[in-house]
1. So, of the residues in the stretch 127-142 that are surrounded by 11 or more Cβ atoms within 10 Å (Cβ to Cβ) and part of a helix (DSSP H, G or I), which turns out to be nearest to the chain's Cα centre (by Cα)?
2. Looking at the stretch 53-73, which of the residues that are of a type in the set (G, A, S) and over 22 Å from V13 (Cβ atoms) is modelled with the highest pLDDT?
3. Quick one: in the stretch 143-154, of everything that is over 24 Å from the mean Cα position of the chain (by Cα) and over 20 Å from E112 (Cβ atoms), which residue is modelled with the highest pLDDT?
4. State yes or no: is K76 at pLDDT 80 or above, part of a helix (DSSP H, G or I) and on the phi < 0 side of the Ramachandran plot?
5. Quick check: anything in the stretch 92-115 within 29 Å of E17 (Cα to Cα), in a loop (DSSP other than H, G, I, E, B) and not assigned by TED's automatic domain parsing to the domain that holds A42?
6. When you go through G84, G67 one by one, which is the residue that is surrounded by 15 or more Cβ atoms within 10 Å (Cβ to Cβ) and in a strand (DSSP E or B)?
7. Given the conditions (1) at pLDDT below 75; (2) in a helix (DSSP H, G or I); (3) in contact with an Asp or Glu (Cβ under 9 Å, 6 or more places away or on another chain), and given that Y124 satisfies all but one, which numbered condition is not satisfied?
8. Inside the stretch 176-199, can you point out the residues that are surrounded by 14 or more Cβ atoms within 10 Å (Cβ to Cβ) and among the charged types (D, E, K, R)?
Amino acid sequence: MTENARGGLYDLVCEDEHGNTFIVEMQLGYYKNYIQRAKFYAFQRFNTLVAKGKYRFENLTRIYCIGFLAKGIYPKSEQYYHFGTLKNQKGEELDTQITLITIEIDKFGKKESEIKTDLDKLIYLMKNQEIINKIGELPKFLSEDWIEKAIQKLDKSRMTPDQRMHFEMLLAKNASIIEMEKEERQREIEEAEINKAKQVARELKENGISIELIAKSTGLTSEQIEEL
């Protein structure tokens, strides 16, 4: 199930019996701005909960924005599971109505003997699905009915045409995001190289080196050097 509104496309949205909202997003590649994207999803949902024209904030149900990320976004943390709510500078919790939960699958390193919770089982399956498919046999701790149903859902040969189309759309979406991130990183690298060249050119220019020689040394154009 997907939901699309104001340019926001996420993989799953559902509510529990108490009206709490769960928004689930999955990313196969690195996504630098994922947290901003998750905030957009959560606040978008928050706006729909507030009574229009009355701005009543009482009894709002909770919103959980959950991200399963194949690539980590917290390089300084060894934890694979992170969650955040609104806190002040002393770490005191101000509000728990919106919770951002991030699971970095590539950091999940638990061995079979360490798998205890349903979340552990799910992440283990997500990380090792290809290996499990090649072996053709599930580890004993993955023999529960809900795990087998999940694997069946992931079996493309059993998908209906609509499910297959949705699956291909999700793959295309992730591929598009990965490609955009690659292009952005490439632009950042090129921009950093140009700025470094300009700094060198500026210093050479201040020391009386000719524009022609600076251009040969830095790769900048004469116009770029003259503007420094």
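The values are calculated or read from the model by the stated rules, or taken from the named source; none is laboratory data. From a predicted model like this one, the values you see are computed outputs, not experimental measurements. Ideal geometry is used to build each Cβ from the backbone, glycine not excepted, and the neighbour counts take in all protein chains shown.
1. Ranking the qualifying residues of the stretch 127-142, first place goes to K127.
2. That would be G72.
3. This residue is K149.
4. No, not satisfied.
5. There is at least one residue in the stretch 92-115 that is within 29 Å of E17 (Cα to Cα), in a loop (DSSP other than H, G, I, E, B) and not assigned by TED's automatic domain parsing to the domain that holds A42.
6. Result of the check over G84, G67: G67.
7. Every listed condition holds for Y124 apart from (1).
8. Listed by number, the residues that qualify are E181, K198.
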